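Everything on this sheet refers to the single structure shown next.
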Amino acid sequence: MREVAIVAFGQSHHRRDSAEVSEVEMLMPVLHQVLDAVGLRAGEIDFTCSGSSDYLAGRAFSFTMALDGVGAWPPISESHVEMDGAWALYEAWTRLLTGEADTALVYSYGKSSPGDLREVLTRQLDPYYVAPLWPDSVSLAALQAQALLDAEDAEDTGADERALAAVAARSRTAAEDNPHAQVTGSPPPETLLDDPYLVRPLRRHDCPPVGDGAAAVVLAAGDTARRLCRRPAWIRGMDHRTEAHSLGVRDLTRSPSTRLAAERAGAFEAPADLAELHAPFTSQELILRRELGLGEGVRVNPSGGALAANPMMAAGLIRLGEAAAAIHRGAADRALAHATSGPCLQQNLVAVLEGDVL
Amino acid sequence: MTKEPVAVVGIGQTKHTAARRDVSIAGLVREAAVRALDDAELTWADIDAVVIGKAPDFFEGVMMPELYLADALGAVGKPMLRVHTAGSVGGSTALVASGLVASRVHRTVLTLAFEKQSESNAMWGLSLPIPFQQPLLAGAGGFFAPHVRAYMRRTGAPDGIGALVAYKDRRNALRNPYAHLHEHDLTLEKVRSSPMLWDPIRYSETCPSSDGACAMVLTDRAGADRAPYPPAWMHGGAMRSEPTLFAGKDCVSPRAGRDCAADVYRQAGITDPRREIDAVEMYVPFSWYEPMWLENLGFADEGEGWKLTESGVTGIDGELPVNPSGGVLSTNPIGASGMLRFAEAALQVRGRAGEHQIDGARKALGHAYGGGSQFFSMWVVADTPPAN
């Protein structure tokens with residue numbers, strides 16, 4: 001398999017509301033940041049791929065405006081997935097593996113502020129039987145969290161409300177070191193447990209902030225990667241898997257798609273020292289930790305993760321970017337990055353990133 | 001570093017129609033997928049990954065419908081990608097799927113594109129008012145009509161060329177059992193006297209709104225060896241994009257289209273497309289786009305495309321048959337229309353196009369475009385594997 005690496009990563013300051021800038025204006029500084037980092041212009045990139053959602057933008061073909069911002073002239077080789085940018089990165093990765101391209105620009109963005117995100121996301125559900133009931137994303141996550149707390153093996157997984165609060169406190173405390181995070185700092189878990197429920201058993205801190213944001217990475221193959229980056233974050237493997245959509249046929253306390261994707265990506269072949277998990281809800285981190293077999297020795301979400309900033313369509317790509325950035329600066333040698341999409345962790349992507357031994 | 005050759009071994013599509021009220025979105029896509037699997041004599045278990053495409057989610061009113069469609073497409077436990085590149089999406093989706101095989105990440109991939117326009121209203125889906133942005137208002141026709149007029153002025157093409165294309169494509173559609181429009185009593189005079197919608201585009205020169213889906217099974221060399229029917233081999237594939245509107249844009253013959261065609265021909269070793277390509281499935285949603293794309297794709301010199309059309313070269317019995325299936329003018333499930341062009345090109349070189357088969361078609365071009373003539377995707381397929 002051809003060597004491909006993430007060689008640059010950039011993201012916006014994620015905020016609750018960015019009404020004064022368009023999606024393109026939000027994205028542009030991030031694009032320039034990653035291109036400047038590798039000293040390339042848009043026209044010098046071999047392949048470009050993006051991820052976004054028309055439903056967040058409230059208009060059809062919303063990605064065409066972002067393309068104008070990229071400056072696709074002369075015309076570029078370009079594609080778009082209506083998915084989180086992590087999957088755009090996957091498409092670009094396969095393109096580099098064929099040898100058709102040596103470099104790729106991947107970006108994604110989403111503004112949740114113009115609408116009510118919980119209601120918007122109900123439109124993702126089965127349009128005939130489920131969506132008409134308007135079950136919102138927090139309620140569905142609460143269903144999953146309650147199933148986890150009620151599970152017969154809850155004692156083994158340590159899943160109780162205090163464990164959920166501990167995830168929240170740890171994530172938001174870690175986010176104090178992340179200048180891009182939307183929510184930072186937290187009282188200790190014991191204090192968090194005094195808060196009222198938002199949707200039982202989830203309290204506000206068990207849920208991600210709703211926010212606007214953008215992210216971008218540059219991928220490069222082989223010697224090009226070595227030339228563009230002092231310590232490239234090599235993608236040793238990457239895989240993603242889907243589960244059934246219907247919640248009634250899934251065991252919500254497990255994530256077989258995460259486990260399978262991790263296995264295919266080679267995650268279990270050697271221990272990782274860092275993991276960036278896309279777990280928008282505290283309970284989902286417990287589920288993912290178990291599927292990925294993460295022990296106490298692994299630093300999970302030192303960026304603060306999705307509990308500190310969860311811009312729709314970009315939060316998964318940010319996990320890959322944060323993991324890569326840790327390798328770039330020598331803070332990790334082997335990292336797992338995970339992205340999710342759909343209700344209750346329906347779709348999951350796992351990548352294994354490694355830096356050369358310095 | 002060499003790529004794995006990619007073969008099309010299964011093709012399926014639905015009978016396209018204005019409204020498939022008898023099936024859900026899931027039922028529609030499954031119908032096409034099952035037909036593609038049957039054609040390849042494979043089962044769901046043989047599929048390693050699913051790549052699905054469609055035009056904007058607003059066309060059905062379902063956000064990221066691939067999540068809900070995972071079960072219907074046998075994607076549970078498998079990777080599933082959702083591509084969206086506006087009107088070119090059907091072609092782009094096939095190209096993304098081909099990349100999974102070419103990179104040897106997967107061996108056999110199901111790719112599918114669909115639109116169930118009857119679930120919503122495409123004109124409305126395209127015309128949501130957004131502050132500070134130029135609205136299209138009148139749907140796609142209102143956007144493209146001025147570009148057609150510009151083509152006529154630039155080349156001196158006489159008024160009636162568009163009607164010739166519409167009449168030809170609608171007659172071709174009578175040979176295609178899956179085509180949406182089967183207008184048995186259509187005459188050239190009826191096309192010419194149909195109501196003017198967006199001057200110079202008349203009602204009979206526009207594509208219909210269809211419900212429909214198209215699926216293909218793509219596989220590697222070993223998979224092609226096991227295929228029950230002759231495969232179509234991919235010899236080249238490319239995508240190109242350019243900005244929507246800017247001062248230097250040539251809306252009549254966008255550079256992204258020219259560059260994309262040049263890239264595909266280079267990959268396929270084609271130096272004279274007019275002579276070397278035996279059949280073309282071209283994305284022609286409004287009749288005048290046939291002569292326009294003939295030039296853009298290098299089949300005719302600049303200003304000469306309409307002469308090729310007028311002389312009958314692009315007829316089903318002509319030297320360069322364009323849209324023997326009836327094309328987008330006869331069938332337009334928007335998100336699937338591009339994949340239908342790719343699939344129909346593959347059917348031709350497999351010798352499995354039925355009544356609209358072009359005798360001896362060995363090399364064919366599938367073409368799609370979208371957005372404001374800014375997204376292009378194309379492939380060249382042939383009846384023999386590529387060299388190396």
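The values are calculated or read from the model by the stated rules, or taken from the named source; none is laboratory data. All of these numbers come straight from a predicted model, not from anything done at the bench. Here the Cβ is made from the backbone with ideal geometry for all residues, glycine too, and neighbour counts use every protein chain on show. Just the protein is used for accessible areas: all its heavy atoms, side chains included, with ligands, DNA and RNA removed. Shrake-Rupley method; radii C 1.70, N 1.55, O 1.52, S 1.80 Å.
Summary of computed values
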quantity	calculated
Given (1) without any contact (Cβ under 8 Å) to a residue 40 or more places away in the chain; (2) under 21 Å from A:Asn310 (Cβ atoms); (3) of a type outside the set (Gly, Ala, Ser), number of the condition A:Leu252 does not satisfy	(1)
Test: A:Ala335 is within 14 Å of another protein chain (Cβ to nearest Cβ), crowded, with 24+ Cβ neighbours inside 10 Å and within 22 Å of A:Arg226 (Cα to Cα)	no
Some residue of the stretch B:108-130 being within 30 Å of A:Glu243 (Cβ to Cβ), assigned to a loop (DSSP other than H, G, I, E, B) and within 11 Å of chain A (Cβ to nearest Cβ)	yes
Residue in the stretch A:273-290 that is closer than 29 Å to A:Val130 by Cα, in contact with a Cys (Cβ under 7 Å, 6 or more places away or on another chain) and open to solvent by 10 Å² or more (accessible area, probe 1.4 Å) present	yes
Test: residue in the stretch A:19-32 that is polar (S, T, N, Q) and open to solvent by less than 10 Å² (accessible area, probe 1.4 Å)	no
Single residue of A:Val357, A:Val298, A:Val350 found to be modelled with pLDDT under 95 and over 17 Å from A:Pro208 (Cα atoms)	A:Val357
Residue within the stretch A:189-210 that is outside any helix (DSSP H, G or I), at pLDDT 95 or above, under 30 Å from A:Ala42 (Cβ atoms) and open to solvent by 20 Å² or more (accessible area, probe 1.4 Å) present	no
Selected residue (criterion: most open to solvent (accessible area, probe 1.4 Å)) from residues of the stretch B:45-89 that are assigned to a helix (DSSP H, G or I) and farther than 22 Å from A:Met313 by Cα	B:Ala45
Any chance B:Arg240 is in contact with a Cys (Cβ under 8 Å, 6 or more places away or on another chain), open to solvent by 10 Å² or more (accessible area, probe 1.4 Å), modelled with pLDDT of 95 or more and within 14 Å of chain A (Cβ to nearest Cβ)	yes
Set A:Thr122, A:Thr64, A:Thr94: member being under 24 Å from B:Gly125 (Cα atoms) and at pLDDT 95 or above	A:Thr122
Enumerated helices (runs of 4 or more DSSP H) restricted to the stretch B:265-381, each holding at least 3 residues that are not charged (D, E, K, R)	B:289-296, B:305-310, B:327-330, B:334-350
Helices (runs of 4 or more DSSP H) contained entirely in the stretch B:136-203, each with at least 3 residues that are surrounded by fewer than 17 Cβ atoms within 10 Å (Cβ to Cβ)	B:139-155, B:188-192
Verdict on A:Asp116 being of a type outside the set (Lys, Arg) and touching a residue at least 60 places away in the same chain (Cβ under 8 Å)	no
Residue tally, condition among the polar types (S, T, N, Q) and over 17 Å from the mean Cα position of the chain (by Cα), over the stretch A:1-52	4
The stretch B:273-315, subset open to solvent by 10 Å² or more (accessible area, probe 1.4 Å), small (Gly, Ala, Ser) and in contact with a helix residue (DSSP H, G or I) (Cβ under 7 Å, 6 or more places away or on another chain), residue farthest from B:Ile201 (Cα to Cα)	B:Gly298
Residue in the stretch B:326-339 that is open to solvent by 10 Å² or more (accessible area, probe 1.4 Å), of a type in the set (A, V, I, L, M) and within 14 Å of chain A (Cβ to nearest Cβ) present	yes
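Here's the yes/no breakdown for (1) within 11 Å of chain B (Cβ to nearest Cβ); (2) among the hydrophobic types (A, V, I, L, M, F, W, C); (3) touching a strand residue (DSSP E or B) at 6+ places or on another chain (Cβ under 8 Å):
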residue: A:Asp17; (1), (2), (3): no, no, yes
residue: A:Val21; (1), (2), (3): no, yes, no
residue: A:Met28; (1), (2), (3): no, yes, no
residue: A:Asp36; (1), (2), (3): no, no, no
residue: A:Cys49; (1), (2), (3): yes, yes, yes
residue: A:Ser53; (1), (2), (3): yes, no, yes
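The rows are residues; the columns are (1) of a type in the set (Gly, Ala, Ser); (2) more than 14 Å from every other protein chain (Cβ to nearest Cβ); (3) touching a residue at least 60 places away in the same chain (Cβ under 8 Å).
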residue: A:Glu100; (1), (2), (3): no, no, no
residue: A:Gly110; (1), (2), (3): yes, no, yes
residue: A:Pro135; (1), (2), (3): no, no, no
residue: A:Leu148; (1), (2), (3): no, yes, yes
residue: A:Ala159; (1), (2), (3): yes, yes, yes
residue: A:Leu192; (1), (2), (3): no, yes, no
